[in-house]
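The values are calculated or read from the model by the stated rules, or taken from the named source; none is laboratory data. Please read these numbers as outputs of a predicted model, since none were measured by experiment. Glycine gets a Cβ as well: all are built from the backbone with ideal geometry, and neighbour counts include every protein chain shown. To get the accessible areas, we keep the full protein, side chains included, count just its heavy atoms, and leave off ligands, DNA and RNA. Shrake-Rupley method; radii C 1.70, N 1.55, O 1.52, S 1.80 Å.
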Amino acid sequence: MAGIVPEQWSSAENGNANMTAKGSSRELRHGGRTAHNMSSSSLRKKSDIRVIQKVPYKGLKDFLSNLQEVILGTKLAILFPAIPAAIIGTYCGFSQPWIFGLSMLGLTPLAERVSFLTEQLAFYTGPTLGGLLNATCGNATELIIAILALTNNKVAVVKYSLLGSILSNLLLVLGTSLFCGGIANLRREQRFDRKQADVNFFLLLMGLLCHLLPMLFGYVANGETSAGLVADMSLNLSRASSIVMLIAYIAYLVFQLWTHRQLFDAQDEDDQYDDNVAEEETAVISFWSGFAWLVGMTLVIALLSEYVVATIENASESWGLSVSFISIILLPIVGNAAEHAGAIIFAFKNKLDISLGVALGSATQIGLFVVPLTVIVAWILGINMDLNFNLLETGSLALSIIITAFTLQDGTSHYMKGLVLLLCYIIIAICFFVDKLPQKQPNAIHLGHQPMNNVAAAMGEGVFSS
């Protein structure tokens, strides 16, 4: 979940929500919106419902009003035709790479609309439940794709896609935001509050430890240790670590939404830039309408995600790209394009706290919630999925976290910091683009083509034989 942002918003609601006590408006303004919501809101457009108001039938008028707000109330509405195109193409015999591409395009506006709907529901549920709802739905697309890939026993795709989401947020989204914000504010020093970033990096480093230890089992094993035993040790450690990671994420939510909410509200009176972020907003659809739309869009996301999982290998072969490159680089870029664009827009406005909340908050949610949750779900389904993402992938993750932490350590920003993060992401993208090695087994411990424990044993014999 992206970090809570101290921007004002109204507790006014339509329908029965007008009975809400005025005294709660202050609390709702501070506690309900997240950086994820704020970034997505920059892609929304105000709806003109004057024509709809002339419809004489109330039921039809309400439906058309909801349709206007939910479907046409975003600048990404132009991509919605990709959804029926992907569904029709499936039954009309379109080539699988086409279905894969159309499904990815269709997921882009759906992810932004889920953010909009969770924000609408938060008007009625209050700031705390609204924050928890965003914590659940903030990265719904990645979670659904991961679970569907698990049910198809494509564990490698799950690991690649989740790793790609973290790398994309840390390097691509944050790097682009810092770079564009620095270029747009060359004569103005860009500053941000480090408190949110510090908490996120503590959690990301803890998650990195949980990825490193299962991988290192292969190095500490001697030549007499079977690969099966090492895999079992890695699997058991990963499952236990996943439970600990989920506990840490729950503690993070308590820290953010209850005990230390003031840390995330500290900037409220210091905002010097007056734009539509600070404008008071009201709910534009009713609670049950928002809930129904949210359920419906989640089902559509699940359908398109199923198409993505089923066609990714064929798209890989047709386009001449490895599955790892598509999963780590292309999937996160297209799937999170809406909130990424929003983060960049706020960086242009010198609102780096929102941009950082999007990038670091989303990376933390993927690393500390979605990844361990998929391990637990795989455990329930009887599928062996561990936290060993292999040496190349884990090394990329570790260096990305370290580089980003150093970049943000002084609480100031300029375009050079963003450029370095972007270049690091390009280097990692090139690495997986040229990686033509066969797809690794889901839970095997590999270093290149060789089991890691055999390599470690050979290295040990070479060292100690002398």
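Miscellaneous remarks
- Here the stretch 143-175 is scanned for amide nitrogen atoms under 19 Å from the site 7 Å beyond the Cα of residue 317 along Cα-to-Cβ, giving 152-157.
- Projected area averaged over orientations for the stretch 67-225, convex hull of C-alpha atoms, nm²: 15.8 nm²
- Remark: accessible surface ordering of 187, 194, 113, 239 (largest first) is 187, 194, 239, 113, probe radius 1.4 Å.
- With DNA, RNA and ligands ignored, accessible area of residue 410 (1.4 Å probe; Å², nearest 10): 80 Å²
- Largest to smallest accessible area among 288, 293, 319 [probe 1.4 Å]: 288, 319, 293
- Segment residue 376-residue 224, extension gain: residue separation times 0.36 nm, minus the distance between their alpha carbons: 51.7 nm
- Residue 62 sits with roughly 70 Å² accessible to a 1.4 Å probe, with DNA, RNA and ligands left out of the calculation.
- Solvent exposure ordering (accessible area, 1.4 Å, most first) of 249, 124: 124, 249
- C-alpha center-to-center spacing [the stretch 155-215, the stretch 345-419] in angstrom: 4 Å
- Peptides 156-167, 140-151 ordered by average Cβ neighbours within 10 Å, highest first: 156-167, 140-151
- Each peptide in 354-363, 82-91, 329-338 gets a packing score, the mean of other Cβ atoms within 10 Å over its residues, and the list from highest to lowest is 354-363, 329-338, 82-91.
- Mean Cβ count within 10 Å, highest first, over the residues of peptides 415-423, 70-78: 415-423, 70-78
- With DNA, RNA and ligands ignored, accessible area of residue 206 (1.4 Å probe; Å², nearest 10): 60 Å²
- Among the protein heavy atoms of the stretch 144-245, carbon and sulfur supply 63% of the accessible surface, probe 1.4 Å, non-protein parts ignored.
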